[in-house]
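The values are calculated or read from the model by the stated rules, or taken from the named source; none is laboratory data. On a predicted model such as this, the values are computed, not experimentally measured, just so you know. Cβ coordinates were reconstructed from backbone atoms using ideal geometry, including for glycine residues, and neighbour counts include every protein chain displayed. Keep in mind that these areas ignore ligands, DNA and RNA; they rest on the heavy atoms of the full protein, side chains included. Shrake-Rupley method; radii C 1.70, N 1.55, O 1.52, S 1.80 Å.
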Amino acid sequence: MVRPMRNNVLSYLEDTVRRVPEKTAFSDGSKDYTFARIYGGSRSVGTFLHSKGLFREPVVVFMGKHPIEIIAFLGVVAAGCWYVPVDEEMPLGRIELILQNCNARMILCDKGTCEKAKEFSFQGEICLFDDIADTPENGEVLAAIRNRALDVDPVYVVFTSGSTGIPKGVAACHRSVIDYVEQLSKVLGFGETTVFANQAPLYFDACLKELFPTLKFGATTYLLPKELFLFPVKLVEFLNEHKVNTICWVASVLSMVSSFGTFETARPKYLHTIAFGGEAFSVAQLHIWQDCLPQASFTNLYGPTEGTGMSCYYPVSRPLGEDEMIPIGKPFPNTEILLLDEEGKPAQKGEIYIRGTCVTLGYYNDPERTAASFVQNPLHTLYPELVYRTGDVGRYNEYQELVFVSRKDHQIKHMGHRIELGEVEAAASRAGEVSLCCCIYDAEKSKILLYYTGKVQPGELTVRMKELLPRYMMPNETRRLESMPLTANGKIDRRALMERRKNGRNKGSALGELVLGPLKEE
């Protein structure tokens with residue numbers, strides 16, 4: 001049998017199902033799905049979609065977090081299409097915008113989402129997964145589709161938040177996903193014995209870190225229900241019950257586990273590989289994890305959705321002081337990071353540009369925003385070469401390690417000074433006894449606002465930060481919260497904090513303990 005050229009992510013599954021067909025691929029903790037079932041199910045879905053005349057077009061997958069959602073994803077790809085994941089907890093208005101943008105002809109749903117799907121102003125066909133799951137596969141048709149496949153064909157379109165309130169659909173092709181999976185797997189040492197615990201919702205690109213390496217190596221992934229993260233001890237007990245040895249989680253979730261004293265009651269017995277990203281992870285919280293798991297490896301990951309996931313990595317291999325920011329390190333193999341100033345010239349501190357196969361196709365059905373962010377490489381005009389402008393500011397430290405500073409759009413002008421809010425957050429994290437923190441700017445009142453969770457009192461935190469920041473960068477208000485609002489992906493929800501500020505202005509008790517900082521520079 002001649003194997004198809006590896007220009008399609010389905011090659012991972014095709015190779016693995018030959019080796020370990022009855023091994024568990026994905027599980028929700030109560031029901032296991034083998035590679036044979038994932039493979040057969042995806043081919044049934046692909047055959048059905050072909051029978052409906054779908055080819056090289058989007059198919060919306062509107063399902064709950066479950067292994068059958070992964071079958072649906074792969075079935076869409078088997079049909080020569082690309083999947084558009086939509087979650088049942090998304091606001092209806094956001095879903096409508098996504099449907100308008102992708103203009104799909106079909107929605108795949110499950111029993112839990114089918115009725116809600118009927119509420120959409122959607123003119124296409126709504127199909128229940130259970131009704132098509134046993135479609136007899138047509139091997140000849142699926143082989144013909146694969147023979148026409150190109151590595152530049154999209155795999156998925158994932159929608160991220162847009163600054164204008166209109167979500168942006170990032171389209172990633174097979175070539176980029178394969179490159180990402182290969183490089184990430186080498187860096188983190190994934191293999192057939194890897195047991196993942198997936199934290200990210202399946203409608204985020206963050207799930208790629210588990211989804212496709214599982215298919216590539218014949219590993220196993222447990223899909224964690226979000227409810228489990230409300231009970232850190234039970235979460236650790238779940239990891240131990242299923243012998244999970246590898247996690248790639250958002251940093252705020254790791255902080256949540258460690259800051260609640262979880263390891264005093266339960267410790268993850270089998271974890272040996274911990275990767276984190278999405279936002280800054282405080283060194284203090286990292287040290288708690290390292291003390292609990294001294295033999296484990298810890299890797300900081302950085303990268304935007306537009307770079308097919310993560311683009312940089314930093315294996316924590318040297319002692320880090322609590323006054324340091326954990327570096328984002330260096331780019332993955334086959335990826336280059338350009339750090340450019342406002343004039344587009346290389347600099348020690350500047351905007352991060354990403355170059356390489358990992359750069360995605362652009363924003364789906366959105367040429368204007370694509371042209372603004374996917375730009376000609378500023379370092380030459382010799383031939384067309386698109387790189388991605390991240391909007392992130394980075395710098396090189398004394399070890400020539402790349403360090404994330406802040407979002408470019410989080411730079412403010414305050415009291416005549418340009419300030420990166422990320423630097424204020426970094427100072428708060430270094431001050432000690434802070435689990436999570438976030439800085440926002442109230443432009444109407446010209447105030448820098450710091451929100452945090454942790455044991456330290458607001459007044460004491462302010463005193464400590466004065467030793468780390470110039471006076472003009474000090475928060476005007478510092479508030480301690482019992483819990484930090486998080487997005488569905490586990491990142492700090494800045495928008496929610498802005499809304500709380502807006503709605504709770506002059507209602508200090510609604511926002512936690514308060515200390516006022518300097519209102520003007522002396």
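Brief remarks follow.
- Filter pass, Ala172 being open to solvent by less than 10 Å² (accessible area, probe 1.4 Å), within 24 Å of Gly490 (Cα to Cα) and assigned to a loop (DSSP other than H, G, I, E, B): no
- Unmet requirement for Glu324, which otherwise passes all of (1) surrounded by 19 or more Cβ atoms within 10 Å (Cβ to Cβ); (2) outside any strand (DSSP E or B): (1)
- Some residue of segment 48-64 being without any contact (Cβ under 8 Å) to a residue 60 or more places away in the chain and in a helix (DSSP H, G or I): yes
- Within segment 93-142, considering residues that are open to solvent by 20 Å² or more (accessible area, probe 1.4 Å) and assigned to a strand (DSSP E or B), the one nearest to Ser44 (Cα to Cα): Leu128
- In segment 1-56, the qualifying residues are those that are small (Gly, Ala, Ser) and more than 16 Å from Leu215 (Cβ to Cβ), and the one that is surrounded by the fewest Cβ atoms within 10 Å (Cβ to Cβ) is Ser30.
This table checks each residue for (1) open to solvent by 30 Å² or more (accessible area, probe 1.4 Å); (2) of a type in the set (Asp, Glu); (3) closer than 30 Å to Gly394 by Cα.
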{"position": "Leu224", "(1), (2), (3)": "no, no, no"}
{"position": "Val233", "(1), (2), (3)": "yes, no, no"}
{"position": "Asn245", "(1), (2), (3)": "no, no, no"}
{"position": "Val250", "(1), (2), (3)": "no, no, yes"}
{"position": "Gly261", "(1), (2), (3)": "no, no, no"}
{"position": "Leu271", "(1), (2), (3)": "no, no, no"}
{"position": "Gly277", "(1), (2), (3)": "no, no, yes"}
{"position": "Val283", "(1), (2), (3)": "no, no, yes"}
{"position": "Ala296", "(1), (2), (3)": "no, no, yes"}
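- Identity of the residue in segment 255-278, touching a Leu at 6+ places or on another chain (Cβ under 9 Å) and either among the small types (Gly, Ala, Ser) or under 23 Å from Glu423 (Cβ atoms) (or both), that ends up modelled with the lowest pLDDT: Gly278
- Screening Lys413 against (1) open to solvent by 70 Å² or more (accessible area, probe 1.4 Å); (2) modelled with pLDDT of 75 or more; (3) of a type outside the set (Phe, Trp, Tyr) leaves a single unmet condition, (2).
- Reported count of residues in segment 440-468, each being open to solvent by less than 20 Å² (accessible area, probe 1.4 Å) and under 22 Å from Gly321 (Cα atoms), is 6.
- Qualifying residue in segment 416-423 (condition: modelled with pLDDT of 85 or more, more than 22 Å from Ser255 (Cβ to Cβ) and surrounded by 20 or more Cβ atoms within 10 Å (Cβ to Cβ)): no
- From the options Gly46, Gly80, residue that is small (Gly, Ala, Ser) and over 13 Å from Phe129 (Cα atoms): Gly80
- Residue check, Pro85 assigned to a strand (DSSP E or B) and modelled with pLDDT of 95 or more: yes
- Any chance Gly459 is touching a residue at least 40 places away in the same chain (Cβ under 8 Å) and on the phi > 0 side of the Ramachandran plot: no
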